[in-house]
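First comes the structure, then the notes that go with it.
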Amino acid sequence: MISLGLIGLFILFQLPLLAIYVGLAAAPLVVLYPLAKRVTWFPQFVLGLTFSWGVFLGWVAVTGTLPDQSLMLIYAGCAAWVFGYDTIYAIQDMQDDRIVGVKSSALALAHNIKAGVGSAYFLAIGLIAAGLLGFDHQPIAAAWFGLAGMAVHLGHQIWRLRVDDAVLALALFKSNRNAGLLLVAGLVLDRLLAN
């Protein structure tokens, strides 16, 4: 863990000074997440805020400016997405979490898990779309196709999701890689075609 932390710190210090400050600002969230499992039923929310910090860091590293409102919306959308997929992941740990007294959104939502994850995914797509609309550069069709592909993929996850199937939960969790790839492919294609 110390080695990985040092590698991450080395990478961070290769970035511009403002990006270093933004990266270090995530430290409280990194510390809070393990503690959140003891005090809230929704530690996945804290994880979403932590994992999604890369939206800010990437923006600052590339542009040298602090994020604007559109990036804040995309950050919030990414946090909602992480909340959804980590809730799916937490299905695998429900029995163990009950035994050791650790809280999770999967336990809190229980038989309402489809509605909870579905709401998080719906919010994620809506916030990311609102963020894209706020850019000075208006995205062209490729970006919207990427976001639509992501939305369909997330909808398919909800349709298949079952609170009593840990094996399926792991497969659905892992499939979020594909959801992200659909969005990124659309965004990259958008930038390539716009130039």
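Of all residues in segment 137-195, exactly one satisfies the criterion of being within 23 Å of Q44 (Cα to Cα), in contact (Cβ under 8 Å) with a residue 40 or more places away in the chain, β-branched (V, I, T) and out of contact with any His (no Cβ under 7 Å at 6 or more places or on another chain), namely I158. Which is of a type in the set (G, A, S), part of a helix (DSSP H, G or I) and surrounded by fewer than 20 Cβ atoms within 10 Å (Cβ to Cβ), of A106, A148? A148 is the lone residue from the list that is of a type in the set (G, A, S), part of a helix (DSSP H, G or I) and surrounded by fewer than 20 Cβ atoms within 10 Å (Cβ to Cβ). Given the condition at pLDDT below 95 and of a type outside the set (G, A, S), answer yes or no: does some residue in segment 110-118 qualify? Within segment 110-118, one or more residues are at pLDDT below 95 and of a type outside the set (G, A, S).
Mind checking which residues of segment 1-35 are in contact (Cβ under 8 Å) with a residue 24 or more places away in the chain and either surrounded by 14 or more Cβ atoms within 10 Å (Cβ to Cβ) or on the phi > 0 side of the Ramachandran plot (or both)? Of everything in segment 1-35, those that are in contact (Cβ under 8 Å) with a residue 24 or more places away in the chain and either surrounded by 14 or more Cβ atoms within 10 Å (Cβ to Cβ) or on the phi > 0 side of the Ramachandran plot (or both) turn out to be L15, L18, A19, V22, G23, A26, L29. The residues on offer are G134, G101, G54, and the sole one that is under 24 Å from A25 (Cβ atoms), surrounded by fewer than 18 Cβ atoms within 10 Å (Cβ to Cβ) and more than 17 Å from the chain's Cα centre (by Cα) is G134. Look at F122 and say whether it is closer than 24 Å to L49 by Cβ and modelled with pLDDT under 95. Here the answer is no, as F122 does not meet what is asked. Checked against (1) out of contact with any Gly (no Cβ under 7 Å at 6 or more places or on another chain); (2) closer than 18 Å to G77 by Cβ; (3) hydroxyl-bearing (S, T, Y), Y121 meets all criteria but (1). Scanning segment 49-85 for residues that are polar (S, T, N, Q) and in contact with a Phe, Trp or Tyr (Cβ under 8 Å, 6 or more places away or on another chain) returns T50, S52, T65, S70.
The values are calculated or read from the model by the stated rules, or taken from the named source; none is laboratory data. Every value quoted in this text rests on a predicted model; they were computed, and no experiment measured them. FYI the Cβ positions are ideal-geometry reconstructions off the backbone, even for glycines, and counts take in every protein chain you see.
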